[in-house]
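**Q** Take this structure first; my questions come after.
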Amino acid sequence: MRTLIKNATIAHCDRIEKNMDLYIKNGKLEAMGKNLQNEADRVIDASGLYALPGLVDAHCHLRDPGFEYKEDIASGTRSAARGGFTSIACMPNTNPVADNTTVVRYILDKAQREGVVNVYPIGAVTKGLEGRELSEMGSMKEAGIVAVSDDGKPVVSSSVMKKALLYASQFNLPVISHCEDLDLAEGGSMNEGTTSTIMGLRGIPSSSEDIMVARELLLSEYLGLPIHIAHVSTAASVELIRQAKKRGVRVTAETCPHYFTLTEKACLGYNTNAKMNPPLRRQEDLEVVAEGLKDGTIDMIVTDHAPHHRDEKNVEFDSAPNGIVGFETALALSYTYLVETGVLTLQQLVQKLAANPSKMLHIDKGTLCCGKAADLILADFDSEYSVDVSSFVSKSQNSPFDGFRVKGKVMATMVNGQIVYEDTTPA
């Protein structure tokens with residue numbers, strides 16, 4: 001299949017190129033330039049659209065195996081494609097847990113058969129996510145994992161985390177830490193503060209995140225080994241990471257669109273679609289997270305795509321599971337709340353959503369370069385539209401963003417030169 005994309009504006013992580021053509025052949029990007037005349041089976045007029053590297057999500061949940069009623073690899077990868085993600089790294093809190101080669105191979109085999117984007121499994125740090133015995137990281141690396149994490153749970157024992165950092169380093173595997181002090185969290189269901197008091201709900205203090213972030217930074221500094229901090233949500237965590245980077249600590253960090261777009265007030269009315277972990281914080285935290293993205297303290301934006309069946313969310317707030325779906329809103333929310341407001345340039349956003357996640361995961365994705373796989377998207381950043389959860393490709397619709405007016409609509413997604421999503425709605 002030979003495809004010629006005409007008249008696009010290409011957004012790289014370091015520059016913008018206008019009125020450019022892209023020629024794709026045999027799954028690879030063969031040429032970029034002006035007025036290309038290569039023979040093609042299909043010509044796409046991308047006038048008014050931006051061509052971006054396929055987005056890379058370093059943190060998502062596909063729920064497969066074990067929770068396929070929420071999401072599976074087929075539906076999850078289609079949802080990712082609709083959101084512009086061409087490569088996704090899925091967390092291991094499945095059933096059974098992805099703490100062994102059998103589950104890792106199951107995920108990769110099913111992704112090969114049924115998936116439409118590149119799927120990279122993340123293995124568990126500890127067996128069963130129980131925080132006690134390290135998993136067989138070496139054999140899982142051979143099977144295809146790109147990182148390890150006990151996401152959804154913290155590694156409570158500092159000794160176990162120290163050993164995990166040492167062991168993972170032998171296989172060049174990033175360790176992704178879910179930072180939460182469970183003793184401080186005390187089973188809370190939202191951020192501790194005025195809003196939780198008004199709602200009569202047990203709150204989770206922001207320090208429950210900060211303390212564990214500080215521990216991971218100290219361990220990383222002591223060992224001289226890298227650590228990646230998941231879903232940063234508090235002002236103090238941002239500052240801890242900022243100061244650690246200044247000292248030369250080998251830390252990278254991520255946040256999610258909900259932590260720079262929503263505050264704890266989204267939970268008012270006991271809206272379980274706004275219940276997540278870490279919880280939505282204060283306006284002050286939101287502003288510092290955005291500043292952390294701007295100054296490079298926070299390296300990347302991830303979705304933490306966490307689908308749940310509607311019946312699971314349609315319960316009392318305390319009983320509802322944590323998490324929201326994120327694939328199909330991440331780009332638009334990031335563009336609307338960061339680029340449109342001047343926090344980031346479009347080039348910087350491409351870096352946060354594509355290049356930096358690829359670098360952290362050690363995968364050769366996230367850029368548009370001739371000779372490499374043609375993983376790219378075409379996006380419309382001029383037209384405003386409303387988020388409609390009923391149109392989601394995901395099996396689940398647990399999103400607090402229904403009805404939000406945003407810019408940044410994915411018009412087409414291409415993986416290895418094949419179009420895996422195309423917007424066919426009337427203009």
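Please treat every number below as a calculation from the coordinates, not as lab data. Everything numeric here is computed off the predicted structure, so don't read it as measured data. So basically every Cβ, Gly included, is an ideal-geometry build from the backbone, and we count neighbours across all protein chains shown.
**Q** Of SER157, SER233, SER196, which is the most mobile in a GNM of the chain whose springs link Cα atoms less than 10 angstrom apart?
**A** SER157
**Q** Same structure again: Taking square-rooted eigenvalues a ≥ b ≥ c of the alpha carbon gyration tensor, is the stretch 95-197 rounded, prolate or oblate, where a/c under 1.5 means rounded and, failing that, a/b exceeding b/c means prolate? Mind showing how you got there, number by number?
**A** Values: a/c = 2.60, a/b = 1.51, b/c = 1.72.
Verdict is oblate for the stretch 95-197.
**Q** Cut-off 10 angstrom, C-alpha nodes, Gaussian network model of the chain. Which of GLN283, GLN37, GLN397 fluctuates the most?
**A** Evaluated over the chain, the most mobile residue of the options is GLN37.
**Q** Run the simple label-point estimate for ASN271 and GLU340 please: 7 Å along Cα→C-beta, distance reported in nm.
**A** 1.7
**Q** What FRET efficiency, computed as 1/(1 + (r/R0)^6) with R0 = 25 Å and r the Cβ-Cβ distance, is obtained for GLU221 and GLU287, rounded to the nearest 0.05?
**A** Details: r = 27 Å, r/R0 = 1.09.
It comes to 0.35.
**Q** With a cut-off of at most 11 other beta carbons within 10 Å, and DSSP calling the residue loop, which trypsin sites (Lys or Arg not before Pro) in the stretch 206-303 qualify? Please list them. Don't skip to the end; give the middle numbers.
**A** Values: sites: ARG215, ARG242, LYS245, LYS246, ARG247, ARG250, LYS265, LYS275, ARG281, ARG282, LYS294; in loops: ARG247, ARG250, LYS275, ARG281, ARG282.
When the trypsin sites (Lys or Arg not before Pro) of the stretch 206-303 are filtered for loop state and at most 11 Cβ neighbours within 10 Å, ARG247 remain.
**Q** I would also like to ask the following. Among bridges DSSP assigns within the chain, what percent are antiparallel (round to 5)? Please list the in-between numbers first.
**A** Details: 30 of 57 bridges.
Of those bridges, close to 55 percent are antiparallel.
**Q** What spacing in nm lies between the two simple spin-label points modelled at ARG132 and GLN243, each 7 Å away from Cα in the Cβ direction?
**A** Result: 3.6 nm between the two label points.
**Q** Identify the trypsin sites (Lys or Arg not before Pro) of the stretch 1-46 meeting these criteria: DSSP loop state and at most 13 other C-beta atoms within 10 Å of the C-beta. Each step should come with its number before you reach the end.
**A** Numbers: sites: ARG2, LYS6, ARG15, LYS18, LYS25, LYS28, LYS34, ARG42; in loops: ARG15, LYS34.
For trypsin sites (Lys or Arg not before Pro) across the stretch 1-46 that sit outside H, G, I, E and B with at most 13 neighbouring Cβ atoms in 10 Å, the list reads ARG15, LYS34.
**Q** Moving to a separate point now. Distance from the Cα centre of the stretch 400-427 to that of the stretch 182-221, in angstrom?
**A** 36
**Q** Still on this structure, please answer the following. On a full-extension model of 0.36 nm per residue, what is the gain between LYS34 and LEU166, subtracting their alpha-carbon distance, rounded to one decimal in nm? Mind dumping the intermediate values first?
**A** Numbers: separation 132, 0.36 × 132 = 47.52 nm, distance 4.93 nm.
Length gained, LYS34 through LEU166: 42.6 nm.
**Q** Strictly over 21 Å apart at the Cα level, which of LYS18/LYS409; LYS18/LYS294; LYS127/LYS153; LYS162/LYS365; LYS34/LYS407 would you flag in this model? Show your work: numbers first, answer last.
**A** Values: LYS18/LYS409 19 Å; LYS18/LYS294 25 Å; LYS127/LYS153 12 Å; LYS162/LYS365 30 Å; LYS34/LYS407 27 Å.
Over 21 Å Cα-Cα: LYS18/LYS294; LYS162/LYS365; LYS34/LYS407.
**Q** Work out, step by step, the length gained on full extension between ASN26 and SER390: first 0.36 nm times the residue separation, then minus their alpha carbon distance; give nm to one decimal. Provide the component values of the computation, followed by the final result.
**A** Numbers: separation 364, 0.36 × 364 = 131.04 nm, distance 3.57 nm.
My answer for the length gained is 127.5 nm.
**Q** While we're on this one: Rounded, prolate or oblate: which one fits the stretch 59-361, using the alpha carbon gyration tensor with axes a ≥ b ≥ c (rounded when a/c is under 1.5, else prolate when a/b beats b/c, else oblate)? Please report the intermediate quantities before stating the final value.
**A** Working: a/c = 1.25, a/b = 1.13, b/c = 1.11.
In terms of gyration-tensor shape, rounded.
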